[in-house]
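Here is the structure we will look at.
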Amino acid sequence: MPTSIMINRRAVLRRSALLSVGLLVGPAAVQGLAAPDTTSPFVDWYRSNIVANQTPETNAAVRILSGMRQLWRTGPTWDTGVVLNQQVLRANMNHCARITRTRTDAEAKRAFIFDRQHQSYAMIGGLGPWAELYKAGAKAVTSITSAPDGTPPAKIDDAVPPGAPAGSALGAGSQDSQLGQVVRLVDTVRGPFASGNPSKFAHQYPRPWRMTPDSKVVPTGATDSLGYPVYRSEVKVAPQLLRQRSTTPAEDGGFPSGHTNAFHLAGLALAYAIPERFQELVVRALELSDTRIVSGMHSPLDVIGGRILATALAAATLADPQNAELKAAARAQAAKYFQDKPASGADPYADRKANAAIVASKLTYELPRNGSHAAMTVPKGAEVLLETRLPYLSAEQRREVLRTTALPAGYPVLDGPEQWGRLNLYAAADGYGAFDDRVRVFMDASRGGFHAADTWRNPIAGNGGLVKAGTGELTLAGSNRYRGGTRIEDGTLTVASPTALGNGDVELRGGTLRLAEECAQVQGTYRQAYGTTLAVTLDAWYRPALTVSRSVTIDQGVTLEITIDPSHCGAFLPVLATPSLRGRFSSIKLLTAGFRAVPVYLPTGLSIRLVPIR
């Protein structure tokens, strides 16, 4: 029977089966929703993502991934697609060939584990030292802990292992557990509208081991010793996964990667409930998704598509009013569960530089960029993804964080409808990338968690400025260049890099400006008002704690708090350097026991001499 007839017959049979169970409906019938306007935001009709809907006009997921249609045109059958952008698709396939050609046996085995292990369980590893605590509290288990040598004799699936505690479950765990609400949130985010299959059927972009470097689909040749078709591709499937490989190509598209979709869905759900591990979970999802390429089962474009789909689906599910009580309960449950429990074990994501390197390489896979500089518009509902990570910001402020930390335009697929692919959630967790207007941040320390203390590590640019309000502590650790100035009204603003205060004036109206173990700079004027505190740690290299390029004005009733190593006893240590100093500190509080600080004021600054108390 000709291939095209066989495929059409499969489609008819699948359609008949869907009709028999009432699933083949247009979007107008999905969950009683009115037929959506195809220009509506994804979050408003994400429930249209069912197998029956396979066009951009009927399926919100297919639509947001339609950037793929600029690279590849689906043919009437699975093997008749047309290359529209040879440069990108060649780079895509060459990456697959290079990775599978150079992978080690250990890497192939690791890829097998994360292919066969339940994806929600695999994501628990992103909790690092909290992972074992989570598994115990959620009753989460797996039977896939190692990989065979070579090709296994039969397909291997995950299962609850013998001897597991009563009530144990695969994936994120059991909903009947101490972390049942968290498990339920993960399961809900990975719910009935979260599949990547409708988009796979719609795009019909073959898996890499079925294509040549030029993205031409190679007809099936002879079968190997295991009975699988032999394709003349340079991409090699890991031997441990040969039994998992599909032999029905029409049902086995590569774009988007389903495993990648699942990893990121589970990761973002866990990150909402346990935002203390937000960035580590994002990195974990990217790292596990990359094993799909290492295994030879997917290409970079497949993986990117899976991440885009999951980001939008997670946001839509979390923004859905029907899930408001659940997400709040999951966050509260996780916070209470981990509050007094000591973490144990190593943290594979403790190295921030290594994490950042993974993110930088895996968000785009360095596929060719077209040089577009289109402005970023944050898709509706995306701000919910940061709701627990940046809880002290308003929804509109979280949208600005997403906008100012987004990836540049021009990368393939990322520029698709609504631009979900340009979101950089790892960077967004580190705060703003730019202040385009004055940003007022109110942090209430009494609410605990990130309300009490947080750190922004991004380099912040822009013409706007920062106003720190509320009793909490915000730390600026980036190499900042924002020009609109900094004002502290209450609480503590901690400076953790020399240029953290940007290029504008600094005004301390209330609370404390704390200079960490850095020599901070103010590229403007500095004014400190009544009742405020400047807290400094004096530098062992005799550099001023604070250098101000213009004038310094110190009002009455102002405190200087000093931390200094007693080994500097007798030395004159610079505190403040400026072209013009007006005023003096009313109180100097030395935090070094057994000594007192003798101030030496000059028109151009302040030094102190550490003297023992006799």
task: Specify the residue that is surrounded by the most Cβ atoms within 10 Å (Cβ to Cβ); the eligible residues are those in segment 540-554 that are touching a residue at least 24 places away in the same chain (Cβ under 8 Å) and part of a loop (DSSP other than H, G, I, E, B).
output: ALA545
query: Out of the residues in segment 47-88 that are among the aliphatic types (A, V, I, L, M) and without any contact (Cβ under 8 Å) to a residue 24 or more places away in the chain, which is nearest to THR220 (Cα to Cα)?
result: VAL82
- request: Name every residue in segment 157-191 that is within 21 Å of PHE263 (Cα to Cα), in contact with a Gly (Cβ under 6 Å, 6 or more places away or on another chain) and in contact (Cβ under 8 Å) with a residue 60 or more places away in the chain, in order of residue number.
  value: LEU179
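Here is a yes/no grid of residues against (1) over 30 Å from HIS203 (Cα atoms); (2) modelled with pLDDT of 95 or more; (3) acidic (Asp, Glu):
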site: LEU286; (1), (2), (3): no, yes, no
site: GLY296; (1), (2), (3): no, yes, no
site: ALA312; (1), (2), (3): no, yes, no
site: GLN322; (1), (2), (3): yes, yes, no
site: ALA328; (1), (2), (3): yes, yes, no
site: PRO342; (1), (2), (3): yes, no, no
site: ALA350; (1), (2), (3): yes, yes, no
site: ALA354; (1), (2), (3): yes, yes, no
site: ALA357; (1), (2), (3): yes, yes, no
- prompt: Regarding VAL160, is this residue modelled with pLDDT of 95 or more, of a type outside the set (S, T, N, Q) and surrounded by fewer than 20 Cβ atoms within 10 Å (Cβ to Cβ)?
  reply: yes
message: Take residues that are under 23 Å from PRO579 (Cα atoms) and tell me which of the strands (runs of 3 or more DSSP E) falling wholly in segment 489-531 contain 3 or more.
response: 506-508, 512-515, 520-522, 526-528
message: Condition first: surrounded by 17 or more Cβ atoms within 10 Å (Cβ to Cβ) and farther than 17 Å from GLU276 by Cα. Now tell me which residues in segment 424-442 satisfy that.
response: ASN424, TYR432, GLY433, ALA434, PHE435, VAL439, VAL441, PHE442
statement: Checking ASP430, ASP415, ASP454 in turn, the sole residue that is part of a strand (DSSP E or B) and in contact (Cβ under 8 Å) with a residue 60 or more places away in the chain turns out to be ASP454
message: I'm trying to understand the selection: among the residues of segment 225-247, which are of a type outside the set (Gly, Ala, Ser), touching a residue at least 12 places away in the same chain (Cβ under 8 Å) and part of a loop (DSSP other than H, G, I, E, B)?
response: LEU226, TYR228, TYR231, ARG232, GLU234, VAL235, LYS236, VAL237, ARG245, THR247
field: Within segment 536-561, considering residues that are more than 23 Å from ASN503 (Cα to Cα) and modelled with pLDDT under 95, the one farthest from the chain's Cα centre (by Cα)
entry: TYR542
- request: Would you be able to tell me the number of residues in segment 383-401 that are outside any loop (DSSP other than H, G, I, E, B), of a type outside the set (Asp, Glu), within 17 Å of ALA328 (Cα to Cα) and under 14 Å from the mean Cα position of the chain (by Cα)?
  value: 3
- line: Subset of segment 139-154, residues surrounded by 21 or more Cβ atoms within 10 Å (Cβ to Cβ) and under 20 Å from ALA285 (Cα atoms), comes to ALA140, VAL141, THR142
message: Restricting to segment 364-386, name every residue that is exposed (fewer than 13 other Cβ atoms within 10 Å of the Cβ) and of a type in the set (S, T, N, Q).
response: SER372, THR377
- request: Show the residue pairs that are 6+ apart or on different chains and have beta-carbon atoms under 7 Å apart, the first residue being within segment 595-610 and at positive phi and surrounded by 13 or more Cβ atoms within 10 Å (Cβ to Cβ), the second being in a strand (DSSP E or B) and not aliphatic (A, V, I, L, M).
  value: GLY605/PRO574
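The values are calculated or read from the model by the stated rules, or taken from the named source; none is laboratory data. The model shown is predicted, which means the values in this text are computed figures rather than measured ones. Virtual Cβ from ideal backbone geometry, glycine too; neighbours counted across all protein chains shown.
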